[in-house]
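Read the figures in this text as sums done on the coordinates, not as results from a lab. In this text, all values refer to a predicted model and were calculated from it rather than measured experimentally. Cβ placement follows ideal geometry from the backbone for every residue including glycine, while neighbour counts extend to all protein chains displayed.
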Amino acid sequence: MEKVIASLTILLASCATGGPTQTTKIVRAEPVLIVADRPVQTSSGGTFTAPRGWKMIQSGNLITLTEPDGELQVSIVDVSAKQLSIAIGQAWKRINPTRISL
């Protein structure tokens, strides 16, 4: 039987009136096991609690959490753009640079 991995992506996008767009270099980090519930801060200052037992990779504006069985991943991406559609596109490129469109 094939193992299906589900992926849930949360795009944290803000529409800005100006300013430079931040580009983050993709770096593959090793996952860290979360041994106790702990607060995590995103690159823009947002916070959430990473649950015990999950694995987390944090690289620039991308945080990916994987549940203990490895069947679900949650990605949180901080991006900023003048239009929401542009911010969503930037986030998708950050998560999967080989994907051309949704």
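At what distance in nm do the modelled label points of residue 59 and residue 71 sit from each other, each positioned 7 Å from its Cα along Cα→Cβ? Here the modelled spin labels are 2.6 nm apart.
By the count of other C-beta atoms within 10 Å, a proxy for reagent exposure, 30, 71 are ordered fewest to most as 30, 71.
For residue 85 and residue 41, the difference between the fully extended length at 0.36 nm per residue and the C-alpha to C-alpha distance is 13.4 nm.
Full extension of the chain between residue 33 and residue 49 gives 4.4 nm of extra length, using 0.36 nm per residue less the Cα-Cα distance.
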